[in-house]
Amino acid sequence: MKKILLVSVILTILFACSSERVNFSQLQDRSGMFYLVNSDKPFSGEIVSYANGKVEFEGKIEKGLREATWIYYYPNGQKKMDGNYREGVKDGTWTYWKDNGTQEGLEVYKYGKLLSNEGTITKEVKPDTIKVIVPTPTPAPPEPKKIERKQQAVVWEKLHGGPVKFLDGVPYSGPVVKYQKNGEKEFDGYLTRGKKSGRFNYYDKKGNIKEAKYY
């Protein structure tokens with residue numbers, strides 16, 4: 001009977017610890033990935049941040065990146081903004097309020113890109129950028145014909161992050177290349193939303209392809 005009681009107490013403690021939110025100040029930002037101090041494993045769990053004893057924001061981190069719903073508050077406790085993150089960037093509808101509770105504006109994102117209410121990409125933004133969209137009733141003039149240009153490959157060392165590679169705070173999509181010390185290519189390929197995709201070529205010291213992998 002005592003053993004059963006002891007096991008029940010231990011399970012209760014473990015459950016309480018697992019559901020406890022971690023203070024955001026205990027995390028470190030390492031190239032866009034969040035880790036607990038002195039930990040080499042990306043953090044996963046619920047977080048909360050306090051300012052002057054009051055909740056400043058709360059949300060969830062999954063494998064080092066912001067995920068799911070995050071809510072930010074004014075010092076008076078009124079909700080300031082809320083919305084979803086997906087793999088570290090804003091995704092979906094974000095709603096903003098004034099400190100008196102009046103709704104101030106809406107933003108719609110698609111994997112880190114800010115969309116207009118018609119769904120046209122207006123600009124690329126970094127996570128946590130706050131800007132209220134003011135729709136313009138005047139239709140936009142037709143865009144001039146664009147000249148197709150081949151995108152220049154980004155050198156691998158300029159990217160940051162772990163499994164997901166970031167450039168200027170946004171998951172990078174485009175060609176990449178890495179060079180050996182002798183100046184020959186080490187590998188080249190393409191990233192989609194920060195992850196390897198399609199064919200990657202790996203080269204020997206003379207610059208000849210020694211292996212090709214598909215992701």
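None of the figures in this text is laboratory data; all of them are computed from the coordinates on show. Remember, it's a predicted structure, so these values are computed and weren't measured experimentally. No Cβ is skipped: glycine too gets one built from the backbone with ideal geometry, and neighbour counts run over all protein chains shown.
Translational diffusion coefficient of the range 18-124 (Stokes-Einstein, Kirkwood radius from Cα pairs, 20 °C, 1.002 mPa s): 144 µm²/s.
Across the range 203-211, rounded Karplus estimates of 3J(HN,Hα) from the backbone phi angles (6.51 cos²θ - 1.76 cosθ + 1.60, θ = phi - 60°) give 10, 8, 5, 9, x, 8, 5, 9, 6 Hz, Gly and Pro being marked x. Averaging the Cα positions of each part gives two centres, and for the range 155-174 and the range 17-95 these lie 21 Å apart.
About its Cα centre, the dipole of the range 18-124 is roughly 60 debye, where the only charges are +1 on Lys and Arg Cβ and -1 on Asp and Glu Cβ. Less than 5 angstrom separates the built amide H of Lys110 from those of Gly92, Leu115, all sequence-distant by 5 or more or on a different chain. Phi angles across the range 30-46 convert, under the Karplus curve 6.51 cos²θ - 1.76 cosθ + 1.60 with θ = phi - 60°, into 3J(HN,Hα) values of 10, 6, x, 10, 9, 10, 5, 4, 6, 10, 9, 10, x, 6, 9, x, 7 Hz, Gly and Pro given as x. Taking label positions 7 Å along the Cα-Cβ direction at both Thr93 and Asn201, the computed distance is 4.7 nm, reported to one decimal. Think of each Lys and Arg Cβ as +1 and each Asp and Glu Cβ as -1; about the Cα centre, that makes the dipole of the range 154-214 roughly 140 debye. Model label sites at Ala68 and Lys113, defined 7 Å from Cα along the beta-carbon direction, differ in position by 2.8 nm. For Val176, the amide hydrogen comes within under 5 Å of the amide hydrogens of Val154, Gly189, Tyr190, Leu191, counting only partners 5 or more places away or on other chains and with H modelled in the peptide plane.
In summary, the range 155-203 shows an alpha-carbon radius of gyration equal to 1.11 times the 2.2 N^0.38 Å reference for compact globular proteins. Under 5 Å between amide hydrogens, built in the peptide plane, is the criterion, and for Arg86 it picks out Asp91 among residues at least 5 positions away or on other chains. The simple spin-label model puts a point 7 Å past each Cα toward its Cβ; for Gln103 and Lys79 those points are separated by 1.0 nm.
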